[in-house]
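The values are calculated or read from the model by the stated rules, or taken from the named source; none is laboratory data. Nothing here was measured: the structure is a model prediction, and the numbers come from that model. Cβ coordinates were reconstructed from backbone atoms using ideal geometry, including for glycine residues, and neighbour counts include every protein chain displayed. When the accessible area is computed, the model is the full protein with side chains, heavy atoms only, and any ligands, DNA or RNA have been set aside. Shrake-Rupley method; radii C 1.70, N 1.55, O 1.52, S 1.80 Å.
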Amino acid sequence: FDRFTNAIIDDLSESISKYPKLKFYIINQGITLSDSQVDCLHLKLSGSILENLLNAKGCNTTVDYKNNKKIIINQKLKTLESKHPNVKIIDRNESLQVKKDLYQIKDKNGNPLFFDDNHLSAAGAMIVGEAIMKQLEKK
């Protein structure tokens, strides 16, 4: 994993160095859900007898189940920002963060923000996309 991520960072760094007048915005690694949370997101409990038996509150937030890999990747991406003045890393997870290391996986209307363990749904893409655009507007 370390050799793989180093190769990616080296490749990106080489490409960035070729275009010093071009501004690069790189979006960092997103969170990963557990399989049980993905299943929970796709259950429609409202109006079902299961609504009283299952605790759907566990389907509203999550920790990152691949946290160590995400942290390593995002730290290595940050090195590009310190090495190249024309690079800005954008944190795609900020807009989903409820508190430190806890992220929402449903919107306020109960719509899933993820399609599977690490791909955003249309609702999730709107939230994250709007947040990314706001960060780009600041630059």
Check on LEU53, of a type in the set (A, V, I, L, M), open to solvent by 90 Å² or more (accessible area, probe 1.4 Å), over 19 Å from the mean Cα position of the chain (by Cα) and modelled with pLDDT under 95 | yes
Going through segment 81-104 in order, the residues found to be open to solvent by 70 Å² or more (accessible area, probe 1.4 Å) and part of a helix (DSSP H, G or I) are SER82, LYS83, GLU94
All positions within segment 64-78 that are aliphatic (A, V, I, L, M) and either under 14 Å from ASP91 (Cβ atoms) or not in a helix (DSSP H, G or I) (or both) | ILE71, ILE73, LEU77
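Please count how many residues of segment 87-117 are closer than 30 Å to LEU22 by Cα and in contact with a Gly (Cβ under 7 Å, 6 or more places away or on another chain).
The number of residues fulfilling the criteria is 2.
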Out of LYS134, LYS108, LYS138, LYS83, report the one residue that is touching a helix residue (DSSP H, G or I) at 6+ places or on another chain (Cβ under 7 Å) and farther than 22 Å from SER34 by Cβ.
-> LYS83
Tell me which residues, restricted to segment 105-135, are open to solvent by less than 60 Å² (accessible area, probe 1.4 Å) and of a type in the set (A, V, I, L, M, F, W, C).
-> ILE105, LEU113, PHE114, LEU120, ALA123, ALA125, ILE127, VAL128, ALA131, ILE132
Do we have ASN68 as modelled with pLDDT under 95 and either basic (Lys, Arg) or over 28 Å from PHE1 (Cβ atoms) (or both) here?
-> no
